[in-house]
Amino acid sequence: DAGPLPTSLDSWLSVAQDGSITVFTSKVDLGTGTGTALGQIVAEELDAPIAKIKMDIGDTAKTVDQGRTSASRTLERAGPQLRQAAAAARQELLKLASSRLAAPVERLTVNDGVVSVAGNPAKNVSYGDLIGGRRFNVQITATGEGWDLNVAPEVRPKDPKDYKIVGTSVPRFDLPPKFTGEFTFVHEVRLPGMLHGRVDRKSVV
């Protein structure tokens, strides 16, 4: 099984009915806060509250293979991939909102995951109401593989001058469960029928 296809928008993120957004990435957080940083990138592109972002990381059954997690290269490579996937999702959400609000995409604005008609903010719809709990069922362009994966290059992302979330200090997603002891470290993982092994280094005479 090759895992989720990078050409499916649903492989990258999903929107729940409460407006929370789950981001799927094969990158893992090794204590450097990469999960939070990647979440900021997605929140920025979607104009969604950072508190609504949930990271589903490192599960090979649910995430596209983005290559190994390697220091700063995680943000350098996975960051643009998730940014473009989020930009593609925003594009689709605006299309849905355009139909729902009977207004052209060009007249729509987004703030905290709520799409409004410019000049008429009372006319609005949230991401959760638009697609919450359902799949996008949209194909996007994806070429290459691993950390060389080029995702949705045809979609124009936000101009960095308009950033409000990326580059700001936000609470780390991974720290609260570590402070409370709820976090499951790799040496605590137990699977049904799991066997244990050890390295047996015999002396050579």
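The values are calculated or read from the model by the stated rules, or taken from the named source; none is laboratory data. Small disclaimer: the values here were computed from a predicted structure and weren't measured. No Cβ is skipped: glycine too gets one built from the backbone with ideal geometry, and neighbour counts run over all protein chains shown. Keep in mind that these areas ignore ligands, DNA and RNA; they rest on the heavy atoms of the full protein, side chains included. Shrake-Rupley method; radii C 1.70, N 1.55, O 1.52, S 1.80 Å.
Descriptive notes on the structure:
- Some residue of segment 121-130 being closer than 18 Å to Ala51 by Cα and in a strand (DSSP E or B): yes
- All positions within segment 171-204 that are surrounded by 10 or more Cβ atoms within 10 Å (Cβ to Cβ), of a type in the set (A, V, I, L, M, F, W, C) and without any contact (Cβ under 8 Å) to a residue 12 or more places away in the chain: Leu175, Phe183
- Within segment 132-152, the residues that satisfy the criterion of being touching a helix residue (DSSP H, G or I) at 6+ places or on another chain (Cβ under 7 Å) and surrounded by 12 or more Cβ atoms within 10 Å (Cβ to Cβ) are Phe136, Val138, Ile140, Trp147, Leu149, Val151, Ala152.
- Applying the criterion of being under 11 Å from the mean Cα position of the chain (by Cα) and of a type outside the set (A, V, I, L, M, F, W, C) to the residues of segment 31-43, the residue that is surrounded by the most Cβ atoms within 10 Å (Cβ to Cβ) is Gly39.
- Test: Val155 is assigned to a strand (DSSP E or B) and in contact with a helix residue (DSSP H, G or I) (Cβ under 9 Å, 6 or more places away or on another chain): no
- Candidate set from segment 85-103 (those that are open to solvent by 60 Å² or more (accessible area, probe 1.4 Å) and part of a helix (DSSP H, G or I)); member that is nearest to Tyr127 (Cα to Cα): Leu96
- Take the conditions (1) within 15 Å of Arg77 (Cβ to Cβ); (2) outside any loop (DSSP other than H, G, I, E, B); (3) in contact with a Ser or Thr (Cβ under 7 Å, 6 or more places away or on another chain); Val28 misses just one of them, which is (2).
- Selected residue (criterion: farthest from Arg83 (Cα to Cα)) from residues of segment 131-152 that are outside any strand (DSSP E or B) and β-branched (Val, Ile, Thr): Ile131
- Annotation note: Cβ proximity below 6 Å between a residue of segment 93-110 that is closer than 15 Å to Ile131 by Cβ and a residue that is open to solvent by less than 60 Å² (accessible area, probe 1.4 Å) and of a type in the set (D, E, K, R) (sequence gap 6+ or interchain) occurs for Val110/Asp47.
- Lone unmet requirement of (1) in contact with a helix residue (DSSP H, G or I) (Cβ under 6 Å, 6 or more places away or on another chain); (2) at negative phi for Gly67: (2)
- Subset of segment 45-84 (residues that are closer than 15 Å to Val166 by Cβ, of a type in the set (A, V, I, L, M) and either surrounded by 21 or more Cβ atoms within 10 Å (Cβ to Cβ) or out of contact with any Leu (no Cβ under 9 Å at 6 or more places or on another chain) (or both)): Leu46, Ala48, Ile50, Ile53, Ala78, Leu82
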